[in-house]
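K.L.:
Below is the structure I would like to discuss, written out as structure tokens.
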Amino acid sequence: MTRHRSGTVSLSTIVLLVVAFACAALVGGRVYARSAPDRLATALVRDLGGQRVALVPKGQPTVVMVSSRTCPWCKKALADFGRMANGRPIPGLTLFTLEGAADGVPMLEREKLHGARFVGPAGTREEAERLFTYPGTPTFIAFDRNGRVVHTIPGYPVQPELARLFAVMVREADVP
């Protein structure tokens, strides 16, 4: 071990400090990203009755599907879920429709889906789009029972992903 005079710092100590700060910054970013979804789960949206409610019901694993009534990929995903449900209710789905909660109702009725929760923006569509990390529809966000994001899929999911999301929607799984 080399001794240095008081008041001087070795190059290896400086490098070690730089690496430590860089790691702390990376970990800090991840912690922030993990804490941000909790705010997303409690973000206020409007339900069918016009009441302001949390995006995700407390204590329930939930898949939020961000959709638009004009989105062809949203319609395709809902048609796939309709075939998978085969008449079963899907209480684990919260359909967030950018145009408003009421615009989601015919989308699910068309596919004979029932039991889902309908919500829409509490403010403008632009404000609603800023809530979510990924722009565009569809976007699927799976929350665990503690309101933490456990899985996010921007765009139309591949078949195995659809099946995992569906398992949460019908309460057969807690996470996809």
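K.L.:
Within region 115-129, work out how many residues are closer than 15 Å to Met65 by Cβ and not in a strand (DSSP E or B).
P.N.:
Residues flagged as closer than 15 Å to Met65 by Cβ and not in a strand (DSSP E or B) within region 115-129 amount to 5.
K.L.:
Give the residue that is surrounded by the fewest Cβ atoms within 10 Å (Cβ to Cβ), with candidates limited to residues of region 39-63 that are among the charged types (D, E, K, R) and within 20 Å of Gly115 (Cβ to Cβ).
P.N.:
Pass one, region 39-63, residues among the charged types (D, E, K, R): 39, 46-47, 52, 58.
Remaining after also requiring within 20 Å of Gly115 (Cβ to Cβ): 46-47, 58.
Details: Arg46: 19, Asp47: 16, Lys58: 11.
My answer is Lys58.
K.L.:
Which condition breaks for Glu99 when tested against (1) at positive phi; (2) in contact with a Lys or Arg (Cβ under 9 Å, 6 or more places away or on another chain); (3) not β-branched (Val, Ile, Thr)?
P.N.:
(1)
K.L.:
Given the residues Gly123, Gly115, which is the only one that is under 12 Å from Leu93 (Cβ atoms), without any contact (Cβ under 8 Å) to a residue 40 or more places away in the chain and small (Gly, Ala, Ser)?
P.N.:
Details: Gly123 fails: under 12 Å from Leu93 (Cβ atoms).
Checking each option against the conditions leaves just Gly115.
K.L.:
Further, regarding this structure: Could you tell me whether region 90-106 includes any residue that is of a type in the set (Phe, Trp, Tyr), within 12 Å of the chain's Cα centre (by Cα) and within 24 Å of Val175 (Cβ to Cβ)? It would help to see each step written out before you state the result.
P.N.:
Applying the first criterion (of a type in the set (Phe, Trp, Tyr)) to region 90-106 yields 96.
Next, from what is left, pick out any that are within 12 Å of the chain's Cα centre (by Cα): 96.
Still in the list and also within 24 Å of Val175 (Cβ to Cβ): 96.
Yes - at least one qualifying residue is present in region 90-106.
K.L.:
In the list Gly147, Gly136, Gly120, which residue meets the criterion of being surrounded by 15 or more Cβ atoms within 10 Å (Cβ to Cβ), small (Gly, Ala, Ser) and at positive phi? Give the derivation first.
P.N.:
On the way: Gly136 fails: surrounded by 15 or more Cβ atoms within 10 Å (Cβ to Cβ); Gly120 fails: at positive phi.
After applying the criteria, what remains is Gly147.
K.L.:
Specify the residue that is surrounded by the most Cβ atoms within 10 Å (Cβ to Cβ); the eligible residues are those in region 86-114 that are in contact with a Gly (Cβ under 9 Å, 6 or more places away or on another chain) and part of a helix (DSSP H, G or I).
P.N.:
Top of the filtered list is Gly104.
K.L.:
Determine whether Glu126 is exposed (fewer than 15 other Cβ atoms within 10 Å of the Cβ) and charged (D, E, K, R).
P.N.:
Numbers: exposed (fewer than 15 other Cβ atoms within 10 Å of the Cβ): yes; charged (D, E, K, R): yes.
Yes, satisfied.
K.L.:
Now a separate question. Are any residues in region 130-142 part of a strand (DSSP E or B) and not hydrophobic (A, V, I, L, M, F, W, C), and if so, which ones? Walk me through it before giving the result.
P.N.:
As a first pass, look at region 130-142 and keep what is part of a strand (DSSP E or B): 139-142.
Passing the criteria: only Thr139.
K.L.:
Which of (1) modelled with pLDDT under 95; (2) under 17 Å from Ala163 (Cβ atoms) does Arg145 not meet, given it meets every other one?
P.N.:
(2)
The values are calculated or read from the model by the stated rules, or taken from the named source; none is laboratory data. The model shown is predicted, which means the values in this text are computed figures rather than measured ones. Using ideal geometry, Cβ is built from the backbone for each residue, glycine included, and neighbour counts are taken over all protein chains shown.
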